[in-house]
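Here is the structure we will look at, set down as structure tokens.
The values are calculated or read from the model by the stated rules, or taken from the named source; none is laboratory data. Since we're looking at a predicted model, the values are computed, not measured. Quick reminder, even Gly has a Cβ in these numbers, built from the backbone with ideal geometry, and neighbours come from all protein chains shown.
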Amino acid sequence: MSKTVKSFTTGIARSRVSLLGAMIVTITTPFLFGAMIYDALFHIGNTYYAAAVYMLLGPAFLGGLVMIFVGLLFFKGKEEVKLFTMAYLQDYFTDAKKFRRMRKILFFTVFLTCVNVFIFSLLGYRSYHYMESVSFCGEFCHTVMNPERTAYLNSPHSRVACVECHIGSGAGWFVKSKISGARQLFAVALNTYPRPIGTPVHGLRPARDTCEECHRPEMFHGEKLVIKDKFREDENNTHLKTVLLMKIGSAGDRAKSSHGIHWHVAPENKITYKASDHSRLTLPEVTLTKADGSTVVYRSSDADELLQDAGHEAGHEVESREMDCIDCHNRPTHIYLPADVAIDDKLLNGEIPVALPFVKKMAMAIVTRDFASQDEAKATIEAELTAFYKENYGELLVTQPEILPRAIAGIQKAYCDNVFPDMNIVWGTYSNHLGHVQDSGCFRCHDEEHESEDGEVISMDCDTCHVILAEEEEDPEILQTLSGE
Ligand code: HEC
Ligand code: HEC
Ligand code: HEC
Ligand code: HEC
Ligand code: HEC
């Protein structure tokens with residue numbers, strides 16, 4: 001055996017390629033394996049270390065191994081290039097001694113290959129996990145993904161990994177994502193990525209494949225009470241409530257037929273549309289295909305013109321897209337709030353104290369201005385609030401010293417959760433289609449302007465989607481009734 005090892009090592013020594021490979025392997029091995037064992041047992045928290053291990057050390061190690069074998073087989077000194085010639089093989093297979101030596105080397109190579117396969121798969125497995133992790137997606141490209149990651153961490157899906165929505169299961173989409181990922185890495189390295197990152201994501205996997213791994217819209221039935229809390233810009237920051245009964249409905253299950261809002265995603269209804277803009281905000285043509293195969297085409301009066309113009313626009317393709325979850329839930333996790341909603345949310349959960357007079361008004365006046373950076377915004381919020389309350393409510397600051405710092409911190413957070421000047425993300429850059437307040441949302445179709453040949457229109461009747469039980473009231477009767485007061 002020792003002889004085989006020896007001929008193996010002398011073989012390596014005789015090829016410069018192998019030698020270089022062996023050096024790389026020797027240098028990387030202790031670091032790589034130390035790090036991998038550490039990662040398996042304790043988990044490497046820092047994404048840059050993990051990237052160094054799996055994206056630099058790992059490939060270097062594998063590259064070194066490959067170089068050793070390539071060197072051995074093809075470059076091992078000029079005189080042995082004839083390795084695979086007939087004469088060479090005859091020589092080895094007829095001479096018993098040489099044959100035994102050859103056999104040993106073969107066994108040894110097979111043994112080493114097995115070890116390598118094991119290492120390759122372990123490395124592949126760990127790298128795969130790393131590249132699927134939230135920290136790789138969200139932190140590695142720090143400034144680029146920071147807004148998406150921040151919004152995500154504040155959302156109901158903060159424990160769902162990025163890849164569950166962006167890639168989903170199956171090898172095809174994994175490979176696709178790695179190809180587009182490689183392109184994106186170049187864009188980041190060369191600093192050519194768009195700011196802000198464009199939306200909607202035209203290459204996103206159809207949402208039915210991803211969302212429905214966890215959600216089944218045919219299983220929710222009935223109605224949902226939605227309460228919207230708002231605060232007036234007056235001295236008392238008066239708390240107002242809007243109460244809606246949302247007709248969530250269902251996509252149909254067992255004996256129940258599809259109805260209400262999730263009627264759109266029932267298996268028997270297929271809705272497709274053509275958008276005349278890249279952002280999918282103008283939808284001149286909507287087609288409903290029913291279970292029996294019949295279709296109803298709803299078009300706006302200017303549909304021909306819009307679609308024709310869109311066809312000429314550079315870079316825009318008028319495609320027929322099948323409506324799915326994200327045509328309504330386009331912000332299931334990257335939820336950027338409008339300024340008033342962001343401030344109202346913090347007032348509601350107490351991060352901004354409601355007891356501070358005019359705080360809503362002050363907050364709105366400052367956060368809606370343009371700032372060059374989050375730091376500048378934070379400094380201005382602190383300076384202007386301090387000056388205003390010192391001058392007008394000096395006494396309050398003495399009796400409740402903690403109230404102003406809390407308000408400042410809350411307003412700063414509302415700003416920094418939603419506005420990212422370095423990525424050109426301001427209030428409203430990414431709006432939400434769920435409803436009709438932030439952008440036209442449901443009214444992109446439900447505007448009574450989309451008409452079929454029979455003169456049917458897509459309904460804008462307020463009661464189609466919700467019952468408005470109270471609108472911006474201080475103490476809605478309906479909530480008193482529901483709570484039995
Ligand atoms: C619950 C599903 C879900 C999860 C989890 C998720 N995303 Fe998204 N993401 C979406 C959807 C849906 C869109 C945009 C849809 C559209 O309008 O095209 C999107 C859009 C984006 C965009 C484009 C910019 C934008 O806001 O429209 C980026 C970048 C992005 N996601 C990164 C991430 C990163 C990084 C993570 C993990 C930290 C993540 N996503 C986790 C569903 C998800
Ligand atoms: C890996 C599982 C998973 C995937 C994939 C997933 N979700 Fe969710 N989603 C959840 C969980 C869990 C909750 C409940 C979170 C909570 O209430 O704390 C949730 C909550 C929601 C809610 C209610 C949010 C609220 O404000 O209460 C909506 C709407 C939603 N998801 C839509 C989507 C859409 C659209 C997609 C696809 C783009 C998606 N989800 C993908 C697990 C998932
Ligand atoms: C036509 C628009 C539309 C489509 C398409 C749609 N939804 Fe919804 N969905 C809504 C609205 C509106 C609500 C109610 C939101 C609210 O006010 O809380 C909702 C609520 C939900 C909820 C929360 C249910 C609850 O009882 O709290 C989940 C989860 C959800 N949708 C998942 C999905 C998934 C998954 C898909 C795709 C298969 C989908 N939706 C397709 C509009 C839509
Ligand atoms: C791409 C176009 C499109 C969008 C966007 C859209 N809808 Fe619809 N919706 C339709 C069509 C088409 C119909 C069937 C015609 C009708 O009932 O008026 C329909 C029907 C409905 C119905 C009646 C379903 C039933 O029980 O028969 C409800 C409720 C509804 N939509 C709610 C919503 C809500 C809420 C949103 C926004 C979150 C929304 N829709 C966005 C196209 C759309
Ligand atoms: C196609 C469905 C649809 C139609 C038609 C519709 N709405 Fe809405 N509306 C929604 C959805 C979805 C929301 C958002 C609920 C949420 O944010 O959870 C909403 C939200 C609202 C809100 C609360 C807004 C806020 O954030 O405070 C009001 C008020 C409202 N609608 C009034 C109306 C009125 C008035 C009409 C009739 C002209 C109407 N809606 C027609 C779907 C619809």
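The residues of the stretch 222-250 that are within 16 Å of ligand 5 (Cβ to nearest atom) and not in a strand (DSSP E or B), listed by number, are Gly222, Glu223, Arg232, Glu233, Thr238, Lys247, Ile248, Gly249. One residue alone among Arg159, Arg100, Arg149 is at pLDDT 80 or above, within 30 Å of Ser18 (Cα to Cα) and among the charged types (D, E, K, R), and that residue is Arg100. Inclusion of Val243 among residues that are more than 16 Å from ligand 2 (Cβ to nearest atom), over 30 Å from Ile197 (Cα atoms), crowded, with 20+ Cβ neighbours inside 10 Å and of a type in the set (Val, Ile, Thr) is warranted. For the stretch 287-299, the condition of being aliphatic (A, V, I, L, M) and either touching a helix residue (DSSP H, G or I) at 6+ places or on another chain (Cβ under 8 Å) or at positive phi (or both) holds for none of the residues.
Those helices (runs of 4 or more DSSP H) of the stretch 142-221 in which 2 or more residues are closer than 16 Å to His334 by Cα occupy 142-153, 162-166, 207-211. Determine, yes or no, whether Tyr88 is surrounded by fewer than 14 Cβ atoms within 10 Å (Cβ to Cβ) and closer than 30 Å to Val188 by Cβ. No, not satisfied. So, Arg254, is that one away from ligand 3 (no atom under 15 Å from the Cβ), surrounded by fewer than 13 Cβ atoms within 10 Å (Cβ to Cβ) and among the basic types (Lys, Arg) or not? Judged against the criteria, Arg254 is a match. Applying the criterion of being hydrophobic (A, V, I, L, M, F, W, C), under 30 Å from Arg280 (Cα atoms) and within 15 Å of ligand 3 (Cβ to nearest atom) to the residues of the stretch 443-485, the residue that is surrounded by the fewest Cβ atoms within 10 Å (Cβ to Cβ) is Cys462.
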